[in-house]
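Colleague: Dumping the structure here so I can ask a few things about it.
The values are calculated or read from the model by the stated rules, or taken from the named source; none is laboratory data. Note that the coordinates shown come from a computational prediction; the quantities given were computed from them, not determined experimentally. Cβ coordinates were reconstructed from backbone atoms using ideal geometry, including for glycine residues, and neighbour counts include every protein chain displayed. Surface accessibility is based on the protein's heavy atoms, side chains included, excluding ligands, DNA and RNA. Shrake-Rupley method; radii C 1.70, N 1.55, O 1.52, S 1.80 Å.
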Amino acid sequence: MSMPTLKNDLAIMVLFTAAVLSAPLWLAPIGADYPDLLQKFAIYGIFAVGFNILFGLTGYLSFGHAAFLGVGSYTAVWSFKLLSMNVLPAVALSVLMAGVFAYLIGFISLRRSGIYFSILTLAFAQMCYNLAYSVLTPITNGETGLQLANDDARVIDTLFGISYDGLPSTTLFGLEMTGYPGFYFCAVLLILGFFLSLRIFHSPFGMKLRAIKSNQTRMVYTGYNTKPYLLTAFVISGMYAGLAGALLAVTDPLAGAERMQWTASGEVVLMTILGGAGTLIGPLLGVGIIKYFENIFSAMNVQQLTEMFAFLPDWLGKIAVTLTNPFVGEGWHLTLGLLFMLIVIFLPGGVMEGMRRIAAIPRKLKQRAVPKPTPATEEK
Amino acid sequence: MGDIILDIDKVDKTFGGLHALADIDLKIEEGKIHAIIGPNGAGKSTLLNVCIGRLEPDRGTVRFNGEIITGKKPYEINHAGVVRVFQTPEIFPDLSLLQNVMVPAFAKRDGTFKFNFWKSLSSEKAIREEAEQVLNDLGLGEHLNHHAGSMSRGDKRRLELAMGLIQHPRLLLLDEPTAGMSRHDTNRTIELLTRIKERGMTKIIIEHDMHVVFSLADTISVLAQGRIIAQGTPDEIRGNPKVQEAYLGGAEL
């Protein structure tokens, strides 16, 4: 609860930057050191860090943030089609467009709070999903999803005389955004996004957002118009989602409506709560845990399970395989659901709370080791 | 008579069939401590709610410093200079004591909205020192970084008082500021309120504790069933038979 200092902030940033940039090294022992997965960590990390600015600080639980993720992806693909394969205009336009959508949706949804706010955001996101899926087919290419084509205009590229043979890939001034360059591009944006979130967390603005979460009525009688505060937080977090959406399109220039579905909105809620909402690092831990285990569990099948349980007697191995099979592959979401239930019931503060509790154990043991004067000795 | 800072003019409020406030006329002089006493359900808290914009009266107006404040938003009334300390402590339970006091200090400085997201709290030395000062004045200086939600009720009340005082309001409305406090803390609060009286802050106090009322108030209004049945100096109120009957059950004060 003590006040943050600039020195602390600097230390956090140095550590964070080092950790993100060296991720391919320290994630190697658990087999998570390939660019595709690393990129996923970074992209969903940005999504969760942004979501946490709204949910973690103000307590307003949006169930519709996938809409902004989708808007970001569509905008980015359109930018690739119409302007340039360079990722910078795509990223900038996506963030801007997501901001506009967030302003409109936030403006209406924030007329209510609590569960009604959540339902309004969910309704808006589902509307966006349905619009993208069918009504706005000319813009979104409906079911198939928006893709690149050979005859795309790419005005800026043409202007600079850049031409492509076949379907082009996304670039940063000629550097192709695949493999490690792709990851490092996302990583740099994650670091910048985290830095902004750190500044917000430790600013007067951030403190006021926390105060709104703690007691909004009191804020009004303390002289604050809370609506613009909430709307600003909502728009900022929507822009983070737009950035994440754009980066998904950078990795794979394709935007589908399913990216806007409520399950995608639910996923970011899950990741944030699992790691620890309202903490700086928590949402990133949540992303890491979920995306890592998703990668492992969803790839498992009966054969692998049989190999895993080969050390057991045959009949016991069969039972073990039958019992665990529903939790892997397509059933990965069942595992995720269980994990989420356990966290919410036993560790409502997420992984971060768990770490705090573990850190407090030595202190407790020390207290126990020093015998306190018992009341009996004080009495006559 | 000095300047009138708060002018409540024929304010009327009914809830369903209950006439909570009936044609209330009340003028508060600047720089004075005015106590409102009366039995439970007399309409005291309703009256304060009308003054801070929590409730809108059915009829009548409230003027603060010559300006009509009825119909204004609560945060606008706050910035006009009216601050209320609630009966059940309204604090920010998830923040530290220091942050609880810094938030209203920022409101005073930054207005109803300011997007100062790039500034670090650690560079806000002036606000922080002022907040520490106010907390020290109220005897909460040792708990600056404690979680406000885990403090005792009496400490929460003092904290809320600190949150009000840091805004330097022209008019401070106190709803039973000493309820739930020990005799020791009550005396300390009385002493503190007397001390800040010299700074020219006007106060309206709702209080059941007659010890507090008679040691602080310059003038007293007695409210019963939504009406003001008596008004005057503490001595006049003490001797008023109507008051003794309606409120004090005929007992000698």
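Colleague: If B:Ser96 satisfies every condition in (1) open to solvent by less than 10 Å² (accessible area, probe 1.4 Å); (2) hydroxyl-bearing (Ser, Thr, Tyr); (3) more than 11 Å from chain A (Cβ to nearest Cβ) but one, which is the exception?
Modeller: (3)
Colleague: If B:Ile77 satisfies every condition in (1) open to solvent by less than 10 Å² (accessible area, probe 1.4 Å); (2) more than 7 Å from chain A (Cβ to nearest Cβ); (3) not in a helix (DSSP H, G or I) but one, which is the exception?
Modeller: Unmet for B:Ile77, out of (1) open to solvent by less than 10 Å² (accessible area, probe 1.4 Å); (2) more than 7 Å from chain A (Cβ to nearest Cβ); (3) not in a helix (DSSP H, G or I): (3).
Colleague: Answer with yes or no whether A:Val100 is within 15 Å of A:Phe234 (Cβ to Cβ) and either open to solvent by less than 60 Å² (accessible area, probe 1.4 Å) or out of contact with any Lys or Arg (no Cβ under 8 Å at 6 or more places or on another chain) (or both).
Modeller: Spelling it out, A:Val100 is indeed within 15 Å of A:Phe234 (Cβ to Cβ) and either open to solvent by less than 60 Å² (accessible area, probe 1.4 Å) or out of contact with any Lys or Arg (no Cβ under 8 Å at 6 or more places or on another chain) (or both).
Colleague: Can you tell me which residue is farthest from the other protein chains (Cβ to nearest Cβ) among those in segment A:185-224 that are part of a helix (DSSP H, G or I) and β-branched (Val, Ile, Thr)?
Modeller: Only one residue fits best here, namely A:Val188.
Colleague: Right, something else. Filter segment B:19-52 down to the residues that are touching a residue at least 60 places away in the same chain (Cβ under 8 Å), open to solvent by less than 10 Å² (accessible area, probe 1.4 Å) and part of a helix (DSSP H, G or I), then identify the one that is farthest from B:Val213 (Cα to Cα).
Modeller: B:Cys51
Colleague: Turning to a different aspect of this structure: Residues that are among the hydrophobic types (A, V, I, L, M, F, W, C): list the helices (runs of 4 or more DSSP H) wholly contained in segment A:72-178 that include at least 2 such residues.
Modeller: Hits in segment A:72-178: A:87-109, A:114-130, A:155-159.
Colleague: Given the condition in a loop (DSSP other than H, G, I, E, B), among the acidic types (Asp, Glu), open to solvent by less than 70 Å² (accessible area, probe 1.4 Å) and at pLDDT 90 or above, answer yes or no: does some residue in segment B:123-146 qualify?
Modeller: For segment B:123-146, residues in a loop (DSSP other than H, G, I, E, B), among the acidic types (Asp, Glu), open to solvent by less than 70 Å² (accessible area, probe 1.4 Å) and at pLDDT 90 or above: present.
Colleague: Tally time: how many residues in segment A:274-289 are in contact with a Gly (Cβ under 6 Å, 6 or more places away or on another chain) and open to solvent by 10 Å² or more (accessible area, probe 1.4 Å)?
Modeller: 4
Colleague: Quick one: how many residues across segment B:53-71 are open to solvent by 30 Å² or more (accessible area, probe 1.4 Å) and either farther than 17 Å from B:Leu173 by Cα or away from chain A (no Cβ under 13 Å) (or both)?
Modeller: Matching residues across segment B:53-71 total 12.
Colleague: Could you run through segment B:228-253 and say how many residues are buried (at least 16 other Cβ atoms within 10 Å of the Cβ) and modelled with pLDDT of 80 or more?
Modeller: Summing the residues that are buried (at least 16 other Cβ atoms within 10 Å of the Cβ) and modelled with pLDDT of 80 or more in segment B:228-253 gives 8.
Let's see how each residue does on (1) in contact with a Cys (Cβ under 9 Å, 6 or more places away or on another chain); (2) within 7 Å of chain A (Cβ to nearest Cβ); (3) farther than 18 Å from B:Arg157 by Cβ:
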| position | (1), (2), (3) |
| --- | --- |
| B:Val85 | no, no, no |
| B:Pro104 | no, yes, no |
| B:Phe113 | no, yes, yes |
| B:Phe117 | no, yes, yes |
| B:Ser120 | no, yes, yes |
| B:Glu124 | no, yes, yes |
| B:Glu129 | no, no, yes |
| B:Gln133 | no, no, yes |
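Colleague: Of the numbered conditions (1) buried (at least 19 other Cβ atoms within 10 Å of the Cβ); (2) within 19 Å of A:Thr335 (Cα to Cα), A:Ala249 fails exactly one; give the number of that condition.
Modeller: (2)
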